[in-house]
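Okay, structure first, notes after.
The values are calculated or read from the model by the stated rules, or taken from the named source; none is laboratory data. Every value quoted in this text rests on a predicted model; they were computed, and no experiment measured them. Here the Cβ positions follow ideal geometry from the backbone for every residue, glycine too, while neighbour counts run over all protein chains shown. Ligands, DNA and RNA are excluded from the accessible area calculation, which covers all protein heavy atoms including side chains. Shrake-Rupley method; radii C 1.70, N 1.55, O 1.52, S 1.80 Å.
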Amino acid sequence: MQNPKRQAGMTMWGMLFVLGTLAFTLFLFFKLLPPYLNDFKIKGALESLNRQPDAGSMTVPEVKEAIRKRLEIDSADDLFDLNKILTVEPRGKMKKIRINYESVVPMAFNVSALISFDYAIEVRGPE
């Protein structure tokens, strides 16, 4: 049998630990959310290019312009220099379009988080 006078519950230290863990998790979530939202925009721009029927016959400047226009619509065009992160590699009748970039997020004091993103699509060129 249990003693009805015995208290049950969390101590102050236990509550502080739970609240601290929750606060740290929320801190990480809100610090890392913007780079991932921008990443969804980049990924969406690449997928929209993949859906275009003439993507395989585009030149490199046309590919960059198509992606830049999509990023401009999504309000992310000023965040990325496409000349540095976009590469187009011919592979026979196919073209491989790759976007590879890193995002550095300052966390606290001299601690930063480095997030790497790498996406590639293959489109069929003109026959």
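For the subset of segment 1-48 comprising residues that are among the aliphatic types (A, V, I, L, M) and within 30 Å of K95 (Cα to Cα), which member is most open to solvent (accessible area, probe 1.4 Å)?
Out of the qualifying residues, it is L37.
Give the residues of segment 50-69 that are open to solvent by 70 Å² or more (accessible area, probe 1.4 Å), charged (D, E, K, R) and in contact (Cβ under 8 Å) with a residue 12 or more places away in the chain, sorted by residue number.
R68
Table: residues versus (1) charged (D, E, K, R); (2) at pLDDT 85 or above; (3) touching a helix residue (DSSP H, G or I) at 6+ places or on another chain (Cβ under 6 Å).
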residue: M1; (1), (2), (3): no, no, no
residue: M10; (1), (2), (3): no, no, no
residue: W13; (1), (2), (3): no, yes, no
residue: T25; (1), (2), (3): no, yes, no
residue: L28; (1), (2), (3): no, yes, no
residue: L33; (1), (2), (3): no, yes, no
residue: P61; (1), (2), (3): no, yes, no
residue: E65; (1), (2), (3): yes, yes, no
residue: D77; (1), (2), (3): yes, no, yes
